1. Going through the cross-link list K111/K255; K111/K358; K160/K255; K77/K306, which pairs have a Cα-Cα distance over 18 Å in this structure?
2. With charges set only on the Cβ (+1 for Lys and Arg, -1 for Asp and Glu), what does the dipole of the chain come to about its Cα centre, in debye to the nearest 20?
3. Would you work out the charge dipole size for the stretch 25-68 about its Cα centre, treating the Cβ of every Lys and Arg as +1 and the Cβ of every Asp and Glu as -1, and quote it to the nearest 20 debye?
4. Amide H to amide H, which residues 5 or more places from I157 or on other chains are under 5 Å from it, using H placed in the peptide plane?
5. Stick to the Cα atoms of the chain, pair each with every other, and give me the Kirkwood hydrodynamic radius in Å at one decimal.
6. Please rank S331, S84, fewest neighbouring Cβ atoms within 10 Å first, as an exposure proxy.
7. Would you please give the residues with an amide H less than 5 Å from that of L249, counting only those at least 5 places away or on a separate chain, with H modeled from the backbone geometry?
Amino acid sequence: MAEIPIWPGSSSFESGDTPFGFYDADNQFTESANYVSTWCARRLGYPLVDIELQDVNFFACFEEAVTVYGNEVYLYKIRENYLSLEGNPTGSVLNTEVITPTLGNEIRIAKTYGTEAGSGGDTEHYSGSIPLTAGIQDYDLTSWSQDNASLSPGDSIEIKRLFYEAPPAITRFFDPYAGTGTGLQSLMDTFGFGQYSPGVNFLLMPVYHDLLTMQAIEMNDEIRKSAYSFELINNKLTLFPIPTRDAVLFFEYVKVSERDSVIKDAASSGSLISNISNVPYENPSYTQINTVGRQWVYQYTLALAKEMLGYIRGKYQTVPVPGAEVTLNGSDLLSAASSEKTSLLEQLRGTLEETSRKNQLERKSQESEFLKTDLTNVPMVIYIG
């Protein structure tokens, strides 16, 4: 069996020496690869002990470390801004872009409530009408929908508004051209306003006075008279009072399938950010990683190399030598590598969390409070003019 060469003490990086080639075209990465390999080998004990790795092993660890660093940074950015990112086009790479939070998705979510509240929304409202027959009080709008609403199989409608209402109470509350309605005409005469034309006779009253008066009119209609009203249960309509003449009742409705659909803009599907897997972040540019980030990359590369060497040495617990046996430290290397990788990831994630928008705003708020406290201790100068 041919002897497999191990680390000779130096390396010469060439394009294609990394498994994926993510950064082979980056001059600073290719230059750093040889330095990182030498540093890792010396940290592992070379030249006092042989390092059972080749240069391509160190290069693979270096490439993985840079990729892990970028993944952690960009995954944090995705978590921090996903609510603003969702629904944006996937075409533009965001690596070097400053993400500005928007209210777009909050408004999109709020449209669902707007649909139910009747104040907007993203579900189309349709209008319909049904003939009323004198003496008939009950009407089945579900049956109407099957014949008139162009529904798909299994779909149904939901009534949102019925135009079956009494005249507004305000029309019987305030009529300036008749000079009546407020019940305060004599009070206006007392103030000297009665000699003016009825069309301009106004007395300023609190708004709650108007609301109470209109409520009194509506309650009077409901209790003392057979007022306009209706009951709608499961699209079964009951009218009060019973219609005394033939007429047409208009209403608004939505299709349940459209209201419940989670895809509101099918035309743009496939080109928008819909989950964290298609947020357009790419592998980082090694050239743009600063000194702080590169030091983390070097440390993680060493941990990966230590782990790889531990697996290799773990294949044999002892190696026979003339007159004795040498015990290899594979298990120690694996344990140390696992601990170092975990510590480095926790350190990076903690740093990223400290730079979150929430933490930065809290820090800024605390700084402002501390500054106010300091300023209160500054003696105030008394000016004598």
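1. From the list (K111/K255; K111/K358; K160/K255; K77/K306), the Cα-Cα distance tops 18 Å for K111/K358; K77/K306.
2. Its charge dipole is roughly 700 debye.
3. Working: 2 positive and 7 negative charges, 41 e Å.
Its charge dipole is roughly 200 debye.
4. V256
5. 30.4 Å
6. Ranked by crowding around the Cβ, least crowded first: S331, S84.
7. I130, L132
Every number here is computed from the coordinates shown, using simple stated rules; none is lab data. All of these numbers come straight from a predicted model, not from anything done at the bench. All Cβ positions, glycine included, derive from the backbone under ideal geometry; neighbour counts span all protein chains shown.
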